[in-house]
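Before any comments, here is the structure.
Read-outs throughout are calculated quantities, based only on the coordinates presented, and are distinct from any laboratory measurement. Because the structure is a prediction, the values reported are computed rather than measured. FYI the Cβ positions are ideal-geometry reconstructions off the backbone, even for glycines, and counts take in every protein chain you see.
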Amino acid sequence: MARYYGMNLRSLLIIVLAVAGTANGWQLWERRPVHPADGILAPDDPVQTDLTSADRIQLGRWTLTARARYDITARILGREDYHFDALADLIPEDLALGWGPMSDNRTLAAFDISQAVRFYSWQPHGALPIPREDVIDHSANTHVIPAGPVARAALARLRVGEVVHLTGLLVDGRRDDGATFHTSLTRTDTGPGACEVMLVENVGVE
């Protein structure tokens, strides 16, 4: 009996060490440098093409109404995964995205950036390195809806610091129980309702 118990302890210790090693390796992988050089990595503003007709897309319990085509290349300033809130079945993650001056390490070093409860926030360490209006106009929290399994897998692999190219649609949504959301259609708004809601069709990392 003692010998059997000892083998179980050794096996358990091996498993614990293996799990700890895997977790440590994953943390090191996630923290490895992404675009360490200074400079604007995503110089162009997002391209939005408003639609004259409102196409409807059905995804599970949600009916999405297309408002505009959307093409954005931006630096990922933050990502937050959601599993249990009211939108998690449709929108599994949010991406805080920055372009122009908000894709430059020299600017980003001056900010603490965080996400929670479907909001993105930034806090400067001291004096703003660029005008406040430029921070607002060149960054946004984007609720990303994968259009299919390929987009879902690609979005799940994205890491903070990468430059990502997303194409798809800005959409409003209505659930079968009457719950709704609306996408922002401008880059200059802030606060509740200022997030873009994007049905992502294609994902590329640059």
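Assorted remarks:
- Cβ-based net charge around Val163, under 12 Å, with every Lys or Arg adding one and every Asp or Glu removing one: -2
- All other residues whose Cβ lies under 11 angstrom from that of Ile130 are scored, Lys and Arg at +1 and Asp and Glu at -1, for a net of -2.
- Seen from a random direction on average, the alpha-carbon convex hull of the stretch 47-205 projects onto 8.9 square nanometres.
- Electrostatic bookkeeping for Thr49 treats Lys and Arg as +1 and Asp and Glu as -1; over the other residues with beta carbon under 11 Å from its beta carbon, the sum is 0.
- Debye-sum result for the stretch 121-206 in log10 I(q)/I(0), which assumes one identical scatterer on each alpha carbon, at q = 0.22, 0.26 Å⁻¹: -1.16, -1.29
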